[in-house]
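Only the coordinates and a few stated rules stand behind these numbers; no lab work does. Note that this is a predicted model, so its numbers are computed, not measured. Quick reminder, even Gly has a Cβ in these numbers, built from the backbone with ideal geometry, and neighbours come from all protein chains shown.
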Amino acid sequence: MVPSELLPPAFFERDAREVAPLLIGVRLVVREGGQVRAGRIVETEAYCGPTDLACHARAGITKRTRTLYGPPGHAYVFLIYGMYDCFNVVVLGEGQGHAVLVRAIEPIAGVDPGASGAGPGRLTRALGITRADDGAPLTGGGRITLHPADRPARLARTARVGVAYAGVWADRRWRWLDKESAHVSRPPARSIGRVTARPRSAPSRP
DNA sequence: GACCGGATTATG
DNA sequence: ATAATCCGGTCA
């Protein structure tokens, strides 16, 4: 079962905060030789240009961010912590530095069933996406494509993961996930019946 | 030209 | 809690 309908270029020509929730449920397909690996997107995060201090665009246009600042509907893939690749979809417009990080999928086809973890680094490994795909088109003509959701999803919304260094930007709730998916990297914080907030630092000692 | 630290994950 | 493991961005 290979989906045929593609997300059109216009889909990506919007703010990352608008596109990120719309990508939940979208099917991500990677063709490699005769193989097809595919998954249903269940977790995304919006990164919103140079003013968003959690976004790589804060450094301006550099060797690394060239594709992030490139045309929408293309991939931005970068290396993190020296060992994992993260897959993003460039959105909004060329020169804007907006992108949506795809953090987790539900396996559809061709994904190693033994891979039980979740998260952006695991996702790229499972689908075979690498930095060689940086800048690749996602609207057709390349080996990676995106296809409309085939069913609606219940969305949850939280703050982004792993960006505590970004000050107030870390608190923006720009992460979306499928509330009913067991494949998210980290379940949404529950606030009922449990205290989830923890002090940022130990109490001062006299 | 050196140094720092990260949009993470597996393991203790 | 912490190691693993590159390399881009920054500052000199």
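By the Stokes-Einstein formula, at 0.692 mPa s and 37 °C, the range A:37-79 with its Kirkwood radius over alpha-carbon pairs has D equal to 279 µm²/s.
Using a Förster radius of 45 Å, what is the FRET efficiency between A:Tyr81 and A:Glu5 based on their Cβ-Cβ separation? Nearest 0.05, please. Efficiency for this residue pair is about 0.80. Ordering A:Tyr69, A:Tyr84, A:Tyr165, A:Tyr47 from the fewest to the most neighbouring beta carbons within 10 Å gives A:Tyr165, A:Tyr84, A:Tyr69, A:Tyr47. The string of couplings for the range A:78-95 from the Karplus curve (6.51, -1.76, 1.60, θ = phi - 60°) is 10, 8, 10, 6, x, 8, 10, 9, 10, 9, 10, 10, 6, 9, 6, x, 4, x Hz, one whole number per residue in order, with x for Gly and Pro. Listed from fewest to most Cβ neighbours within 10 Å, the set A:Glu94, A:Glu43 follows the order A:Glu94, A:Glu43.
Fraction of C-alpha pairs exceeding 15 angstrom in the range A:1-48: 53 percent, rounded to a whole number.
Between amide H atoms placed 1.01 Å from N, distances below 5 Å from A:Val42 occur with A:Gly25, A:Ala104, A:Ile105, A:Glu106, all of them 5 or more places distant or on a separate chain. Principal axis analysis of the Cα atoms in chain A yields extents of 66, 39, 31 Å, listed in decreasing size. Need the C-alpha centroid separation for the range A:132-174 versus the range A:71-88, integer Å. Here the answer is 11 Å between Cα centres.
About its Cα centre, the dipole of chain A is roughly 880 debye, where the only charges are +1 on Lys and Arg Cβ and -1 on Asp and Glu Cβ. What residue among A:Gly141, A:Leu123, A:Gly167 has its Cα farthest toward the positive end of the dipole of chain A, where the charges are +1 on Lys, Arg and -1 on Asp, Glu, each on the Cβ? It is A:Gly167.
Distance distribution P(r), the range A:76-197, all Cα-Cα pairs, bin width 10 angstrom from 0: 11, 37, 39, 12, 1 percent.
Both numbers refer to the Cα atoms of the range A:1-81; Rg and Dmax are 14.4, 42 Å. Taking the inverse of the mean 1/r over every pair of distinct Cα atoms in the range A:34-106 gives a Kirkwood hydrodynamic radius of 12.7 Å.
A simple charge model with +1 on the Cβ of Lys and Arg, -1 on the Cβ of Asp and Glu and nothing else charged puts the dipole of the range A:1-41 at about 180 debye relative to its Cα centre.
How high is the relative contact order of the range A:1-131, in percent, counting Cα pairs under 8 Å that sit 6 or more residues apart? Walk me through the numbers before you get to the answer.
Working: 272 pairs, mean separation 34.3, N = 131.
After rounding, I find 26 percent.
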